[in-house]
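Colleague: For reference, the structure I am asking about is given below.
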Amino acid sequence: MTQQALDRRNNKTEKKEELVERLVHINRVAKTVKGGRTMSFAAIVVVGDQKGRVGFGSGKASEVPEAITKATNEAKRNMVRIPLREGRTLHHDIAGRFGAGKVYLRTAPAGTGVIAGGPMRAIFEVLGVQDVVAKSMGSNNPYNMIKATFNALEAINSPRMVAAKRGKKVGDIVSRRENTSNAKLAVEEA
């Protein structure tokens with residue numbers, strides 16, 4: 001191979017996105033069989049590129065590293081893109097639900113940080129959200145919390161998506177948001 005072909009091949013491998021992996025939960029599972037108990041491990045992993053793509057997966061194996069590997073591979077296969085406002089927070093407040101798990105996600109001003117607990121914090125960190133306030137109600141089972149959070153995140157609409165659905169320009173929709181904040185300022189000044 002020529003040097004140019006090798007350089008092109010190296011550039012392609014360098015351009016692959018760097019994914020951040022977070023282990024959310026490991027559970028030891030025992031199955032009772034005729035000869036006694038068989039132990040295995042279940043793992044939940046969240047994977048993201050910190051630029052708006054995130055996925056989760058679960059894996060089960062007789063050893064912890066194998067379970068984590070299976071979960072990571074599933075998470076990479078199930079990645080979804082979530083629209084973020086200014087690359088740091090959500091576009092609007094939203095609630096998500098899965099089974100008995102309920103979550104409420106709220107946008108936050110710059111500098112707030114990630115105020116979320118457990119599995120939700122891991123999701124926001126690998127997603128690249130820097131400012132969000134989240135509350136989990138109901139089930140604190142990590143599986144239900146993650147699925148409820150993804151249920152909420154997948155329902156988020158960016159102004160561009162809303163404009164396309166309504167057949168309007170993005171400026172018409174975004175200007176309303178800015179006008180309402182200007183109206184609040186005018187009320188406060190008076």
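Colleague: So, residue 116, is that one among the small types (Gly, Ala, Ser) and in contact with a helix residue (DSSP H, G or I) (Cβ under 7 Å, 6 or more places away or on another chain) or not?
Modeller: When the stated conditions are applied, residue 116 passes them.
Colleague: Moving on to the next point. Residue 22: without any contact (Cβ under 8 Å) to a residue 60 or more places away in the chain and of a type in the set (Lys, Arg), yes or no?
Modeller: no
Colleague: Select from region 25-37 the residues that are free of Cβ contacts under 8 Å to residues at least 24 places away in the same chain and not aliphatic (A, V, I, L, M) and write down the one among them that is nearest to residue 154 (Cα to Cα).
Modeller: Among those that are free of Cβ contacts under 8 Å to residues at least 24 places away in the same chain and not aliphatic (A, V, I, L, M), it is 27.
Colleague: Picking from 49, 93, which residue would you name as being under 14 Å from the mean Cα position of the chain (by Cα), closer than 21 Å to residue 148 by Cα and of a type in the set (Asp, Glu)?
Modeller: Unique residue meeting the criteria: 49.
Colleague: Restricting to region 65-82, and then to whatever is exposed (fewer than 15 other Cβ atoms within 10 Å of the Cβ) and of a type outside the set (D, E, K, R), can you tell me which residue is nearest to the chain's Cα centre (by Cα)?
Modeller: 80
Colleague: Which one is farthest from residue 127 (Cα to Cα) among residues in region 42-60 that are of a type outside the set (Val, Ile, Thr) and in contact with a Lys or Arg (Cβ under 6 Å, 6 or more places away or on another chain)?
Modeller: Result: 42.
Values in this text are rule-based calculations from the coordinates and carry no lab data. In this text, all values refer to a predicted model and were calculated from it rather than measured experimentally. So basically every Cβ, Gly included, is an ideal-geometry build from the backbone, and we count neighbours across all protein chains shown.
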